[in-house]
Amino acid sequence: MKNIKPKSTLLALALFPVLYACDGSQSASQPEAATTHASWQKTAHGAVITLNESAFRKVRLQVIDEEIIRVTATPQQDFSNLPDTLMVTAQPKDIEFSVAEVNGELVVKTAQVSAEVSLATGVVEFKNADGVTLLSEAGRSMAQVINEPGPADADSHSFRQRFQPLENEAFYGLGQQQDGRVNYRGENIELTTYNMEIAIPYLVSSRNYGLLWNNTGISRLGDPLPPQPLPEGFKLYDAKGEPGGLTARYYDGDELKLERSEADLNYQFLSHASVREIPLPEEVADAQDLRIQWTGSVEPTISGEHEFKMYSSGYASLSLDGKELLNRWRMNWNPWYHNAEVDLEAGEKYKLDLEWQPQGGYMRLLQHGPLPEEEQQQLSFTADTGKAVDYYFVAGDNKDEVVSGYRELTGKATMLPKWAFGFWQSRERYKSQEELLGALEEYRERKIPIDNIVLDWSYWPEDAWGSHDFDKTYFPDAKAMVDRVHALDANIMISVWPKFYPTTDNYAELNAKGCMFNKNIEEKNLDWIGSGYLNTFYDAYNPECRDIYWSQMRDKLNTVGFDAWWLDAVEPDIHSNLSFKHRKDLITPNAMGTGAEMFNAYALPHAETVYQGERETDGHKRAFILTRSGFGGIQRTASAIWSGDVVSRWSNLEEQIAAGIGVGLAGMPYWTFDIGGFTPEDRYRYNGDVVVGNYKEMAESEQEEWQELNLRWFQFGVFTPLFRAHGQNPYREIFNLADEGSDTYNSMVEYTKLRYRLMPYIYTLAGDAHHKDGTMMRGLTMDFGADPKVRDINTQYMFGPSLLVNPITEFGARTRDVYLPAGTDWYDFNSGEKYSGGQTIKADAPYTQMPLFVKAGSILPTGPEIQSTAESINTPLTLNVFTGADGSFEIYEDDGESYDYENGEWSRIPVTYDNASGELTIGERSGSFDGMAEERSISIRWIDQGDKPSNLDGNTAETIQYSGSTVTVKRG
């Protein structure tokens with residue numbers, strides 16, 4: 001945290017007084033000291049405490065496992081009203097635990113952890129087996145549900161739970177955020193679902209415990225309030241120094257059309273259809289080149305760290321006292337927040353300048369002020385609505401065990417089909433089956449490896465979204481298209497939305513069962529296709545509706561032979577750019593409650609039903625889903641998540657690193673992004689009247705940056721769980737991004753081949769994700785938590801246990817600072833140079849290479865060049881042994897396509913290296929599977945200082961024939 005010295009309470013406290021009762025006084029709903037002794041009783045899986053004088057009448061502790069304890073605090077007399085939050089599937093295990101009253105506390109203790117509850121206040125403290133405190137509650141509170149659509153249930157409240165972490169403790173996880181941060185200590189995070197935001201409400205501490213916040217509505221970490229308008233935290237002055245607002249100037253090009261004072265810079269949402277909640281002034285209603293400037297001064301009412309939150313699309317820049325804080329662009333239809341934190345002194349004026357070119361987009365400037373002093377180092381979760389404070393505490397000896405605890409609670413990650421880890425080519429969109437097949441055939445002719453091609457949206461007749469029919473003009477024979485893809489040794493994924501036009505038979509079937517959210521139709525919220533069509537989404541919270549949904553997919557699409565499902569817009573994005581309150585209303589009521597109560601969870605039951613339906617229908621092959629949203633438990637549904645419609649800008653490229661780290665630490669191993677960004681700026685997409693396809697159609701002045709941005713994103717993408725190119729025009733095929741023989745083309749091809757040569761390593765990481773609850777994309781805190789320098793690093797990560805990945809995120813950069821974590825030596829994968837850990841180096845980053853380092857002691861298995869993962873089974877292996885430290889690795893294999901792995905049909909080859917003796921031991925193989933070769937050719941490469949690791953065919957020391965028995969090879 002930065003130095004914060006608040007001098008007064010927030011003005012915004014009046015909006016949420018009870019949740020903000022943190023200044024040392026007791027609020028009406030804050031737990032108070034009981035005048036008489038609380039009572040308690042032991043239960044089959046823990047204990048329940050009855051508090052005599054507290055708004056929270058009961059506190060229940062449930063022992064789920066030796067390392068997991070659930071805490072529930074309710075204002076009710078019992079726990080019968082608790083909803084199904086969909087996330088948690090685990091039931092309490094039958095394990096030994098004790099319950100005892102000691103010095104006014106009730107102690108619930110297992111062999112690994114204890115929870116000590118004050119019988120006076122209900123506050124809980126967690127300790128490890130040695131009695132060391134891991135985490136203490138700092139109080140809980142509740143308030144009336146506000147700012148939600150419709151009346152709240154009588155037993156619904158807004159809840160806040162505060163904790164007192166230790167000094168220098170860091171917090172990670174929470175799913176996919178787009179703010180570029182990895183450590184959320186002292187930060188304000190809203191856990192919600194949006195095009196680019198995925199809430200997985202699991203927080204992992206640097207001290208090796210986790211908290212699963214068990215609520216399906218919008219929740220917040222840090223400030224319990226949503227971001228507030230500027231006047232709630234600042235006095236505003238216009239350009240002339242007059243109080244009350246900033247000077248707003250509206251231009252059409254360079255012509256000033258309107259000047260006025262404005263206090264709330266608000267063009268954030270639509271009210272309905274395409275009508276803004278706050279319309280633009282009439283003076284600029286017909287502006288062809290609208291530009292708005294806000295200028296003046298802001299005077300904070302509290303000293304400390306203020307966070308500006310600029311919700312914007314179009315071009316927007318924010319400066320304070322002449323220093324630019326934000327400069328962002330987003331496509332007009334997909335705005336989101338961009339954040340900047342600054343230390344400010346109360347009573348001082350700061351010149352603020354905000355410039356916005358809307359391009360039809362949206363804008364609002366909001367802020368968070370400093371929290372009250374007592375709370376600045378606290379951790380808190382706030383739920384907008386719920387029935388109780390409800391969370392799970394998970395302890396572990398390391399962060400992998402903490403992630404494993406999350407998977408124990410919410411479900412193991414399934415094994416994805418092996419082909420999912422190859423290269424995918426996608427485009428928004430292939431407009432005909434000829435286009436799609438032509439792209440795939442071009443990859444095969446050029447001998448560029450590929451495993452999956454994607455048919456995105458709008459393959460149906462224009463007026464029949466949700467019909468699952470194909471437009472015969474452009475897709476005359478979908479079955480023949482799929483068969484040709486398979487003949488080319490590839491797979492095909494198809495996009496399917498939970499959206500329906502009311503003119504379709506599928507809508508009629510669902511609507512007859514009460515399955516449709518028809519408010520969107522009643523409001524006449526037309527979509528963006530053609531002149532616009534009435535549409536809405538189905539109720540995925542209803543099991544009967546989900547079964548109908550799958551049956552429609554099964555009968556219309558699964559019968560064609562598609563290999564995987566792209567479940568898009570599953571936030572659900574019923575109508576873009578409505579307020580969150582309005583979006584909640586559009587999915588109210590639903591089968592499980594209100595839209596407010598279930599807001600974040602839609603993607604989970606939707607995906608789970610498709611997964612289970614396909615298993616029932618096609619149980620011989622692994623299901624696979626790509627979904628634009630997710631929630632706690634999504635890993636159990638054969639799903640991967642992706643970072644949504646990010647834009648083709650360097651800033652968005654950089655933010656994907658932290659987003660992926662957060663997803664992994666929140667327990668979801670399968671994540672990806674659109675290489676190159678989904679939507680580029682117009683300077684890339686259009687050249688006069690030309691809609692750019694191949695890069696040569698782009699203005700020559702833009703080609704260099706476009707190619708470099710895509711290349712750097714591509715190099716990064718090789719070392720993520722799933723490797724996929726996708727986006728709007730310009731076209732994203734390698735051969736449309738660059739000419740054969742160019743540096744850009746050659747680098748992309750070589751990195752694609754590297755991905756495939758690393759498949760024995762990558763597929764082992766995937767196997768470990770299921771069998772060992774492993775994490776593929778690993779924040780540095782997972783492996784180097786003892787090194788304090790890694791706690792905030794947000795642009796580097798480990799891909800598996802061996803590879804330190806350092807993407808390039810600046811145009812023209814040919815070096816970058818790389819921190820090499822302490823406690824080990826590191827090899828430069830490109831040059832072979834060896835470095836000691838614990839230092840920052842200036843790493844080379846030539847145009848065709850990304851800095852990649854390998855930990856000493858790593859055993860990195862690689863395979864031969866192949867064109868698809870189907871060729872990877874039983875291939876010869878090479879063990880690249882990076883000397884200088886002891887090491888081990890277990891190579892995992894299975895058939896790559898069936899569910900036989902669930903029944904023990906898999907194998908592992910253990911490999912260890914003893915650096916002192918120079919001996920590499922390839923141990924006895926465990927397990928087997930149908931189709932496994934009994935004998936394998938295994939080559940060994942010893943990597944020393946100066947050897948070039950990237951030359952995977954060079955410097956082979958020895959080749960052996962391995963038949964499953966232990967073999968030891970000594971370094972020469």
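Worth pointing out:
- Yes/no for Gly677 being modelled with pLDDT of 95 or more, part of a loop (DSSP other than H, G, I, E, B), on the phi > 0 side of the Ramachandran plot and within 10 Å of the chain's Cα centre (by Cα): no
- Any strands (runs of 3 or more DSSP E) falling wholly within the range 812-902 and containing at least 3 residues that are touching a Lys or Arg at 6+ places or on another chain (Cβ under 8 Å): 815-820, 825-828, 839-844, 877-882, 887-893
- Test for Val881: is it within 30 Å of the chain's Cα centre (by Cα), buried (at least 21 other Cβ atoms within 10 Å of the Cβ) and over 21 Å from Ile675 (Cβ atoms): no
- Candidates Phe719, Phe673, Phe714, Phe723 - the one that is among the aromatic types (Phe, Trp, Tyr), out of contact with any His (no Cβ under 6 Å at 6 or more places or on another chain) and closer than 17 Å to Arg628 by Cβ: Phe673
- Identity of the residue in the range 379-407, of a type in the set (D, E, K, R) and part of a strand (DSSP E or B), that ends up nearest to Lys58 (Cα to Cα): Asp390
- Matching entry among Ala725, Ala638, Ala666 (being touching a Phe, Trp or Tyr at 6+ places or on another chain (Cβ under 9 Å), assigned by TED's automatic domain parsing to the domain that holds Asp568, on the phi > 0 side of the Ramachandran plot and modelled with pLDDT of 95 or more): Ala638
- Residue pairs meeting the criteria (Cβ under 8 Å; at least 6 apart or on separate chains; first over 18 Å from Pro721 (Cα atoms) and assigned by TED's automatic domain parsing to the domain that holds Arg446, in the range 744-757; second β-branched (Val, Ile, Thr) and in a helix (DSSP H, G or I)): Tyr745/Ile734; Val749/Ile734
- Pick from the range 167-177, criterion modelled with pLDDT of 95 or more and in a loop (DSSP other than H, G, I, E, B), ranking: surrounded by the fewest Cβ atoms within 10 Å (Cβ to Cβ): Glu169
- Residue in the range 65-82 that is surrounded by 14 or more Cβ atoms within 10 Å (Cβ to Cβ), in contact with a helix residue (DSSP H, G or I) (Cβ under 8 Å, 6 or more places away or on another chain) and part of a strand (DSSP E or B) present: yes
- Meeting the requirement of 2 or more residues that are of a type in the set (D, E, K, R) and more than 30 Å from Lys418 (Cα to Cα), the helices (runs of 4 or more DSSP H) wholly within the range 473-549 are 505-512, 519-522.
- Entirely in the range 223-287, the strands (runs of 3 or more DSSP E) that have 3 or more residues that are assigned by TED's automatic domain parsing to the domain that holds Lys349 and either more than 32 Å from the chain's Cα centre (by Cα) or under 30 Å from Glu305 (Cβ atoms) (or both): 234-237, 246-252, 255-262
Residue-wise test of (1) in the same structural domain as His726 (by TED's automatic domain parsing); (2) out of contact with any Leu (no Cβ under 8 Å at 6 or more places or on another chain); (3) more than 29 Å from Glu865 (Cβ to Cβ); (4) crowded, with 22+ Cβ neighbours inside 10 Å.
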residue	(1), (2), (3), (4)
Leu436	yes, no, no, yes
Arg444	yes, no, no, no
Ile448	yes, yes, no, no
Asn452	yes, yes, no, yes
Leu455	yes, no, no, yes
Ser458	yes, yes, yes, no
Glu462	yes, yes, yes, no
Trp465	yes, yes, yes, yes
Thr473	yes, yes, yes, no
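- Meets criteria (on the phi < 0 side of the Ramachandran plot and surrounded by 15 or more Cβ atoms within 10 Å (Cβ to Cβ)) for Asp469: yes
- Tally, over the range 465-498, of residues that are over 18 Å from Glu441 (Cβ atoms), of a type in the set (Val, Ile, Thr) and touching a helix residue (DSSP H, G or I) at 6+ places or on another chain (Cβ under 9 Å): 2
- On the stretch given as the range 588-623, residues that are on the phi > 0 side of the Ramachandran plot and part of a loop (DSSP other than H, G, I, E, B) total 0.
The values are calculated or read from the model by the stated rules, or taken from the named source; none is laboratory data. The model shown is predicted, which means the values in this text are computed figures rather than measured ones. No Cβ is skipped: glycine too gets one built from the backbone with ideal geometry, and neighbour counts run over all protein chains shown.
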